[in-house]
Amino acid sequence: MIFISEGNWLVWRLDYHIHTKLCRHARGEMKDYVQAALAKSLDEMGFSDHFIMIYLPQEAVQDDYCMKEEELPLYVEGVRELQEKHSDILIKLGIEVDYYEGKEEEIRNLLRSIDFDYIYGSIHVVDNVTIDDDRFRYKLKKYTVDELYQKYFTILKKAIQSGLFDIMAHLDLPKKYGDRPTEPLDELLDEVIEALVKNNVCVELNTGGFRKPVKEQYPSIEILQKCYENDVQVTLGSDSHHPKEVGWELDRALNILRKVGYSQINGFEKRKRLLYDI
């Protein structure tokens, strides 16, 4: 393992949110992502590509958004082969699963057959519209920004309460294009934080937001502060869709977490939590 010394402690460097070309909107071979992680002096990385979406209504699924059902074994096999090949970095098998209300048991049954190290929960679909895709932003004009946030955070709370997920990805995704609510969302956010605490779900600091129009991490400093004050644990992810994005702004992310008050981040192995100093 490679440790980076900062002051008098050793910092564990990880990136748990890495996609593969199987999702059809990422590029590069899996081995290239590993080499990029090594070049960034990461101690640990996790592949977490988009899970099959066969449980979503047809109008909510795009052909270029997730792997096909028959490709899931190829994804698992690819990660396992890299784990066996590399003793110079820890490689974890994760997955990113889109939550859809009413499909909890179907999702649970689909996940049961694979021994993942961790499972990301995410919400990209609201009222069968993919909210973070340029191609479908016109469909969101029927909502005010406040309405979209309210819908999103209501679904987010249910996703957390489902018990399906270890980590929630990009917690405040509706801000991707810089859209901000005009009314405070404190009550909804408090409910989300309460759900995270009660269900022992971790959040990620997702540095992919730095590459998006919003130009900041997910979630906001304000939400991270609420998480810290309520003992919600965190992990790190770049949301990389290209090898050059692995470990994106990792040091910036670590500094943000320290300023908020965090001194540790979560790792996972076979759905069990590990704690690493930062």
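The values are calculated or read from the model by the stated rules, or taken from the named source; none is laboratory data. The shown structure was predicted, so the numbers you read here are calculated from the model rather than taken from an experiment. Note that each Cβ is placed from the backbone with ideal geometry, even for glycine, and that neighbours are counted across all protein chains shown. Quick note on the areas: whole protein, heavy atoms, side chains included, nothing else; ligands and nucleic acids left out. Shrake-Rupley method; radii C 1.70, N 1.55, O 1.52, S 1.80 Å.
Please list, ordered by first then second residue, the pairs with beta carbon atoms under 9 Å, 6 or more apart or interchain, first in segment 141-166 and closer than 18 Å to Phe116 by Cβ and in contact (Cβ under 8 Å) with a residue 40 or more places away in the chain, second open to solvent by less than 30 Å² (accessible area, probe 1.4 Å) and of a type in the set (Asp, Glu).
Going by the 9 Å Cβ cut-off, the qualifying pairs are Asp166/Asp117.
Residues are listed down the side, and each one gets a yes or a no for (1) β-branched (Val, Ile, Thr); (2) at negative phi:
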{"residue": "Arg108", "(1), (2)": "no, yes"}
{"residue": "Gly121", "(1), (2)": "no, yes"}
{"residue": "Val126", "(1), (2)": "yes, yes"}
{"residue": "Asp133", "(1), (2)": "no, yes"}
{"residue": "Arg137", "(1), (2)": "no, yes"}
{"residue": "Thr154", "(1), (2)": "yes, yes"}
{"residue": "Lys158", "(1), (2)": "no, yes"}
{"residue": "Asp186", "(1), (2)": "no, yes"}
{"residue": "Asn200", "(1), (2)": "no, no"}
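Only residues that are touching a strand residue (DSSP E or B) at 6+ places or on another chain (Cβ under 8 Å), open to solvent by 60 Å² or more (accessible area, probe 1.4 Å) and within 23 Å of Ser41 (Cβ to Cβ): list them for segment 223-244, please.
Matches in segment 223-244: none.
Being outside any helix (DSSP H, G or I), surrounded by 14 or more Cβ atoms within 10 Å (Cβ to Cβ) and in contact (Cβ under 8 Å) with a residue 60 or more places away in the chain is the filter here, so list the residues in segment 249-271 that pass it.
If we filter segment 249-271 for residues that are outside any helix (DSSP H, G or I), which is where we start, we get 249, 261-271.
Within this subset, residues satisfying the condition of being surrounded by 14 or more Cβ atoms within 10 Å (Cβ to Cβ) are 249, 262, 264-268.
Listed by number, the residues that qualify are Ile265, Asn266, Gly267, Phe268.
Is there any pair with a first residue in segment 69-89 that is over 13 Å from Asp115 (Cα atoms) and a second that is at pLDDT 95 or above and open to solvent by 100 Å² or more (accessible area, probe 1.4 Å) whose Cβ atoms are under 8 Å apart and which are 6 or more apart or on different chains, and what are they?
Here the result reads Leu82/Lys31, each pair linking segment 69-89 to a residue that is at pLDDT 95 or above and open to solvent by 100 Å² or more (accessible area, probe 1.4 Å).
Can you list the strands (runs of 3 or more DSSP E) found entirely within segment 1-107 that contain at least 2 residues being buried (at least 18 other Cβ atoms within 10 Å of the Cβ)?
Values: elements: 4-6, 9-11, 14-18, 44-50, 90-98.
Per the criteria, 14-18, 44-50, 90-98.
Restricting attention to segment 108-129, report how many residues are open to solvent by less than 20 Å² (accessible area, probe 1.4 Å) and part of a helix (DSSP H, G or I).
In the first step, residues of segment 108-129 are kept if they are open to solvent by less than 20 Å² (accessible area, probe 1.4 Å); the result is 111, 116-126, 129.
From what's left, part of a helix (DSSP H, G or I): 111.
Result for segment 108-129: 1.
Which count do you get for residues in segment 196-222 that are in a helix (DSSP H, G or I) and surrounded by fewer than 19 Cβ atoms within 10 Å (Cβ to Cβ)?
Looking only at that region, the number is 6.
Assess whether Tyr228 counts as being touching a Phe, Trp or Tyr at 6+ places or on another chain (Cβ under 7 Å), within 20 Å of Phe268 (Cβ to Cβ) and of a type in the set (Ser, Thr, Tyr).
Values: touching a Phe, Trp or Tyr at 6+ places or on another chain (Cβ under 7 Å): yes; within 20 Å of Phe268 (Cβ to Cβ): yes; of a type in the set (Ser, Thr, Tyr): yes.
It is true that Tyr228 is touching a Phe, Trp or Tyr at 6+ places or on another chain (Cβ under 7 Å), within 20 Å of Phe268 (Cβ to Cβ) and of a type in the set (Ser, Thr, Tyr).
Could you tell me whether segment 130-148 includes any residue that is open to solvent by 10 Å² or more (accessible area, probe 1.4 Å), part of a helix (DSSP H, G or I) and closer than 27 Å to Thr235 by Cβ?
yes
Taking His170 and the conditions (1) surrounded by 20 or more Cβ atoms within 10 Å (Cβ to Cβ); (2) farther than 26 Å from Arg252 by Cα, which numbered condition does it fall short on, given that it satisfies the others?
(2)
Run Ile265 past the list (1) within 23 Å of Met30 (Cα to Cα); (2) in contact with an Asp or Glu (Cβ under 9 Å, 6 or more places away or on another chain) and report the number of the one that doesn't hold.
(1)
What is the number of the single condition among (1) touching a strand residue (DSSP E or B) at 6+ places or on another chain (Cβ under 8 Å); (2) part of a loop (DSSP other than H, G, I, E, B) that Leu156 does not meet?
Condition not satisfied by Leu156: (2).
The conditions are (1) β-branched (Val, Ile, Thr); (2) out of contact with any Cys (no Cβ under 7 Å at 6 or more places or on another chain); (3) closer than 17 Å to Gln225 by Cα, and Ile193 fails exactly one of them. Which is it?
Of everything listed in (1) β-branched (Val, Ile, Thr); (2) out of contact with any Cys (no Cβ under 7 Å at 6 or more places or on another chain); (3) closer than 17 Å to Gln225 by Cα, Ile193 misses just condition (2).
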